[in-house]
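In what follows, a single structure is set out as structure tokens and then discussed.
The values are calculated or read from the model by the stated rules, or taken from the named source; none is laboratory data. Model, not experiment: these values are computed from the prediction. A quick note on method: Cβ atoms are made from the backbone with ideal geometry, for glycine too, and the neighbour counts reach across all protein chains shown. SASA here: full protein model, heavy atoms, side chains in, ligands and nucleic acids out. Shrake-Rupley method; radii C 1.70, N 1.55, O 1.52, S 1.80 Å.
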Amino acid sequence: MPDGEAGGDRIEAAVRAVLGSLSGDMTVAEAALLGELEALGREVARAKSEIAALRVDDINASHIPTATDELDAVVSHTATATNEILDCCEVLEGLQARLKGADADALSGAVTRIYEACSFQDITGQRIGKVVSALKSIERRVAAVTQSFGRSGGEAVPEPEVPAAARTEGEELANGPQLPGAGSSQAEIDRLLASFD
């Protein structure tokens, strides 16, 4: 018998014991209160059962770390692109010294605007850092809630059979940017292209 059902049975037994111990007739309000308590007990038992069935191992070992790795990659790639842009601005500033009048002023204004726009990288990095911290906090809380319901991280809960959604070949191949070392190798790409012949 699953733990959730056992908890529900204990609650039901307790309610029945309270009902049996009452002497005399119960008022309508008392009966309604006991009915609500019984329904609440069933709801708590159902919630415990659902929490125990969560695949916390997948969440804590795969989903959250993958999300944080992807976000860290976004920060890294953004910083690299921003540095490239700033290097180009330095080249433009060097060219500005050779220009005169309105052309020099226009180039100076454009370079200044590019420098100002590049401040997005620092702000984006800070915001993504907050998201990563929130994900790690969620990971800790999910683990704590699951452990409080008596399920350790090592217990395997069978995953319900869910039919996989049909994906087209293009959807299966279109994975977007990959983390360093996680993308397809050139040999895999060559095999794929050779399969079209």
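Key figures for this structure:
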| quantity | calculated |
| --- | --- |
| All helices (runs of 4 or more DSSP H) inside the range 101-197 with 1 or more residues being modelled with pLDDT of 70 or more | 101-117, 120-148, 186-195 |
| Residue 102, sole failed condition from (1) over 25 Å from residue 61 (Cα atoms); (2) open to solvent by less than 60 Å² (accessible area, probe 1.4 Å) | (2) |
| Top-ranked residue in the range 48-69 [being loosely packed, with under 13 Cβ neighbours inside 10 Å and within 16 Å of residue 142 (Cα to Cα); ranked as modelled with the lowest pLDDT] | 58 |
| Hey, residue 85 in contact (Cβ under 8 Å) with a residue 40 or more places away in the chain, in a helix (DSSP H, G or I), out of contact with any Pro (no Cβ under 6 Å at 6 or more places or on another chain) and open to solvent by less than 90 Å² (accessible area, probe 1.4 Å) or not | no |
| Residue satisfying all of: in the range 117-140; exposed (fewer than 11 other Cβ atoms within 10 Å of the Cβ) and among the aliphatic types (A, V, I, L, M); nearest to residue 62 (Cα to Cα) among these | 134 |
